[in-house]
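J.: The structure's right below; bear with me while I get my questions together.
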Amino acid sequence: MEKWWWFLALLLLIAIPTEAGINVGGGVGVNVGPIGGGGVWIGGGINNGNGNPPVPSGSSPSGLERAFTALQAWKSAISDDPSKILDSWVGPNVCSYKGVFCSPDSQEVTGIDLNHANLKGNLVQELSLLSQLSLIHLNSNRFSGQIPETLRDLTALQELDLSNNDFSGSFPTVTLQIPNLIYLDLRYNSFSGTIPGELFNQKLDAIFLNNNNFEGEIPESLGNSQASVINFANNQFTGNLPASFGFMGTKLKEILFLNNQLTGCIPEGVGIFTDVKVFDASHNSLMGHLPDTISCLEEIEVLNLAHNELSGVLPDLVCSLKSLENLTVAYNFFSGFSQECTKLPDRNVWFDFSLNCIPGRNMQRPQPECSLIPGGGLNCLRIPGSKPLVCGSRYPSSSP
């Protein structure tokens, strides 16, 4: 009988493991099987020493595992979610999270669209783990704080929309280091300071800076931009319009300078090389006569120069533009306009010339205001009128 007790004791010793093999930190990690060659780990507080989900021995984390780490870190940095969007951000199946979009094979997160989610919080550096992310849309939230420097690692990112949030501080230069970015939207925030000239050396197709607190001069490198739309509106920019503006090339379709503190002349080169459709420089302090090169804007549909201090006669060259739909020159000091301008209403073109200094017309400035034209001593560079005007955009091979 005694031999049997020794035999049973020996079996028990063999059955008991020498190590527990369970790593418990802030939570418990459960491996539910391999996906894409790795394990999927469940739990918001798994601890492998750095706060990230554990990686099975001998393998690197898959795209979805990295996405889980990134999105859980971001979720912890969001303090208010009134619409309960993030209630779905639970578990390893990140492709089921609201606002998160995956590749067709569900192996990588390729897009985040949280527009109008009203989330309050910060961006986190772990977002750089989303290596295949091509778009981030965060319009109309309450994100604040710094833009993480690690976003430079998002080599697949093409669209970054941070508009209508509570970001502040200087221009986020990390956005210039995202190699394939083509759409940058920073509007309706509280960014301040100057903008870097390098911004216009990127291959960005859309640049939205409007409704911030940017100041200083618009860099002369503007002429290098490849963008089709640029919006500077509702900031505190000062100085002249860059002389390079008119040489930006045919890709430019819309450019808005309105409601800043810009001064000086409209550059003589405006229109020579561009096919712009919308040009709005209203609500500034621009002076002098309109350059004849505006007549090169054959594709222009909206030309708004209202609320400036421009003077002289509005010429046929402007009013003859064939694509015009809206010409607004109200609240300036123009002293007249040509016969061609009187035909604009017959062409169904909106034409507002109120509150200028045009004799015999209604709704003009009182005469005392017209006795002293602002910028009378302003010397604007002009191309000699004796030479024929050649518009460069008509010749694709030409370059500034």
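The values are calculated or read from the model by the stated rules, or taken from the named source; none is laboratory data. Bear in mind the structure is a predicted one, so any value in this text is a computation, not a measurement. In this analysis, Cβ positions are derived from the backbone assuming ideal geometry, glycine residues included, and neighbour counts consider all displayed protein chains.
J.: Can you confirm whether Ser338 is under 25 Å from Ile272 (Cβ atoms) and surrounded by fewer than 15 Cβ atoms within 10 Å (Cβ to Cβ)?
T.: Against the criterion (under 25 Å from Ile272 (Cβ atoms) and surrounded by fewer than 15 Cβ atoms within 10 Å (Cβ to Cβ)), Ser338 does not qualify.
J.: Looking only at segment 59-105, which residues are touching a helix residue (DSSP H, G or I) at 6+ places or on another chain (Cβ under 7 Å), part of a loop (DSSP other than H, G, I, E, B) and under 21 Å from Gln146 (Cα atoms)?
T.: Across segment 59-105, there are no qualifying residues.
J.: Going through segment 122-135 one residue at a time, which ones are assigned to a strand (DSSP E or B) and farther than 13 Å from Leu71 by Cα?
T.: Selection gives Leu135 alone.
J.: Does Ile300 meet the test of being under 24 Å from Leu241 (Cα atoms) and modelled with pLDDT of 95 or more?
T.: yes
J.: Hey, another quick one. Checking Phe208 against (1) under 27 Å from Leu133 (Cβ atoms); (2) modelled with pLDDT under 95; (3) among the aromatic types (Phe, Trp, Tyr), only one condition comes out false. Which one?
T.: Exception for Phe208: condition (2).
J.: When segment 163-173 is examined, which residues are found to be out of contact with any Ser or Thr (no Cβ under 9 Å at 6 or more places or on another chain) and buried (at least 18 other Cβ atoms within 10 Å of the Cβ)?
T.: Residue satisfying the conditions is Pro172 alone.
J.: Next up: Scan segment 112-121 and tell me whether some residue there is touching a His at 6+ places or on another chain (Cβ under 9 Å), surrounded by 18 or more Cβ atoms within 10 Å (Cβ to Cβ), closer than 26 Å to Ala227 by Cα and not acidic (Asp, Glu).
T.: Among the residues of segment 112-121, at least one is touching a His at 6+ places or on another chain (Cβ under 9 Å), surrounded by 18 or more Cβ atoms within 10 Å (Cβ to Cβ), closer than 26 Å to Ala227 by Cα and not acidic (Asp, Glu), which makes the answer yes.
J.: Going by the conditions given, is Asp346 surrounded by fewer than 18 Cβ atoms within 10 Å (Cβ to Cβ), charged (D, E, K, R), closer than 16 Å to Ala281 by Cα and free of Cβ contacts under 8 Å to residues at least 60 places away in the same chain?
T.: no
J.: Which ones in segment 321-340 are of a type in the set (Val, Ile, Thr) and either free of Cβ contacts under 8 Å to residues at least 40 places away in the same chain or in a helix (DSSP H, G or I) (or both)?
T.: Val329
J.: Next question. For Asn259, indicate whether it is touching a His at 6+ places or on another chain (Cβ under 8 Å), without any contact (Cβ under 8 Å) to a residue 60 or more places away in the chain and not β-branched (Val, Ile, Thr).
T.: yes
J.: Restricting the search to segment 289-331, which residues are closer than 14 Å to Ile266 by Cα, in contact with a Ser or Thr (Cβ under 9 Å, 6 or more places away or on another chain) and surrounded by fewer than 18 Cβ atoms within 10 Å (Cβ to Cβ)?
T.: Glu309, Gly312
J.: Another one. Please enumerate the residues belonging to segment 265-278 that are at pLDDT below 95 and surrounded by fewer than 22 Cβ atoms within 10 Å (Cβ to Cβ).
T.: Pro267, Glu268, Asp275
J.: Turning to a different aspect of this structure: Looking only at segment 196-238, which residues are assigned to a loop (DSSP other than H, G, I, E, B) and of a type in the set (A, V, I, L, M)?
T.: Selection gives Leu204, Leu209, Ile218, Ala227, Ala233.
J.: Is at least one residue of segment 374-394 closer than 26 Å to Ile272 by Cβ, at pLDDT 90 or above and in contact with a strand residue (DSSP E or B) (Cβ under 9 Å, 6 or more places away or on another chain)?
T.: Scanning segment 374-394, I find no residue that is closer than 26 Å to Ile272 by Cβ, at pLDDT 90 or above and in contact with a strand residue (DSSP E or B) (Cβ under 9 Å, 6 or more places away or on another chain), so the answer is no.
J.: Only residues that are in contact with a strand residue (DSSP E or B) (Cβ under 6 Å, 6 or more places away or on another chain), closer than 22 Å to Pro267 by Cβ and buried (at least 19 other Cβ atoms within 10 Å of the Cβ): list them for segment 205-226, please.
T.: Those that are in contact with a strand residue (DSSP E or B) (Cβ under 6 Å, 6 or more places away or on another chain), closer than 22 Å to Pro267 by Cβ and buried (at least 19 other Cβ atoms within 10 Å of the Cβ): Ile207, Asn210, Ile218.
J.: Collect the residues in segment 288-320 that are in contact with a Phe, Trp or Tyr (Cβ under 9 Å, 6 or more places away or on another chain) and part of a strand (DSSP E or B), keeping them in residue-number order.
T.: Scanning segment 288-320 gives Val302, Leu303, Asn304, Glu309, Leu310, Ser311, Gly312, Val313, Leu314.
J.: Still on this model: Which one of these is in contact with a Pro (Cβ under 8 Å, 6 or more places away or on another chain) and farther than 23 Å from His283 by Cβ: Pro179, Pro219, Pro196?
T.: The match here is Pro196.
J.: List the number of the failed condition for Pro53; all other conditions in (1) at pLDDT 90 or above; (2) buried (at least 17 other Cβ atoms within 10 Å of the Cβ); (3) not in a strand (DSSP E or B) hold.
T.: (1)
J.: Another question, if that's okay. Somewhere in segment 141-153, is a residue among the aliphatic types (A, V, I, L, M), touching a helix residue (DSSP H, G or I) at 6+ places or on another chain (Cβ under 9 Å) and in a loop (DSSP other than H, G, I, E, B)?
T.: yes
J.: Just to be sure, is Gln125 more than 15 Å from the chain's Cα centre (by Cα) and of a type outside the set (Phe, Trp, Tyr)?
T.: Taking the combined requirement at face value, the residue satisfies it.
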